[in-house]
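Undergrad: This structure is in structure tokens; I'll ask about it shortly.
The values are calculated or read from the model by the stated rules, or taken from the named source; none is laboratory data. Just so you know, these numbers come straight off a predicted model, no measurement behind them. Just so you know, the surface numbers come from the protein's heavy atoms only, side chains and all, with ligands and any DNA or RNA stripped out. Shrake-Rupley method; radii C 1.70, N 1.55, O 1.52, S 1.80 Å.
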Amino acid sequence: MSREISDKMANRLWTARRSTKLADSQLAKEIDVSKSQIRRIFGEGRLNVSDTTYEKLRQFAYYDD
């Protein structure tokens, strides 16, 4: 199955990414997602991702400080 990243979640991901000041490769390593997928998410805004990836991104966007 796949899930679509909403505008709200994409905005939270962008904010969390900026606040941690991580590069794409560092972010990918931290949340265990491929670097190319991170680039597509931030390049295209919305993206359909697998349930597993969605949960990792949601965890980063909403629960990491």
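Undergrad: So what's the back-of-envelope 222 nm ellipticity for the chain, counting only DSSP H runs of four-plus at -39500 (n - 2.57) apiece and dividing by all residues, rounded to 500?
TA: -21000 deg cm²/dmol
Undergrad: Taking a 1.4 Å probe, which of Arg58, Arg18 shows the most accessible area, and what order do the others take after it?
TA: Arg18, Arg58
Undergrad: At 0.36 nm per residue, minus the direct Cα-Cα distance, what do Thr52 and Glu4 gain on full extension? Give it in nm, one decimal, please.
TA: Gain on extension, Thr52 to Glu4, equals 16.1 nm.
Undergrad: Starting from the coordinates of the alpha-carbon atoms of the chain, obtain the Kirkwood hydrodynamic radius over all distinct pairs and give the value in Å to one decimal.
TA: For the chain, the Kirkwood estimate is 11.5 Å.
Undergrad: Under the 0.36 nm per residue contour assumption, what length would be gained going from the current alpha-carbon distance of Phe42 and Tyr62 to full extension?
TA: Contour length minus the Cα-Cα distance gives 5.5 nm.
Undergrad: Calculate one ³J(HN,Hα) per residue across the stretch 12-19 by plugging θ = phi - 60° into the Karplus curve 6.51 cos²θ - 1.76 cosθ + 1.60, and present them in order as whole Hz with x for glycine and proline.
TA: 5, 4, 4, 5, 5, 5, 5, 5
Undergrad: Kindly report, to the nearest 10 Å², the accessible surface of Leu57 as traced by a 1.4 Å probe over protein heavy atoms only.
TA: About 0 Å², ignoring ligands and nucleic acids.
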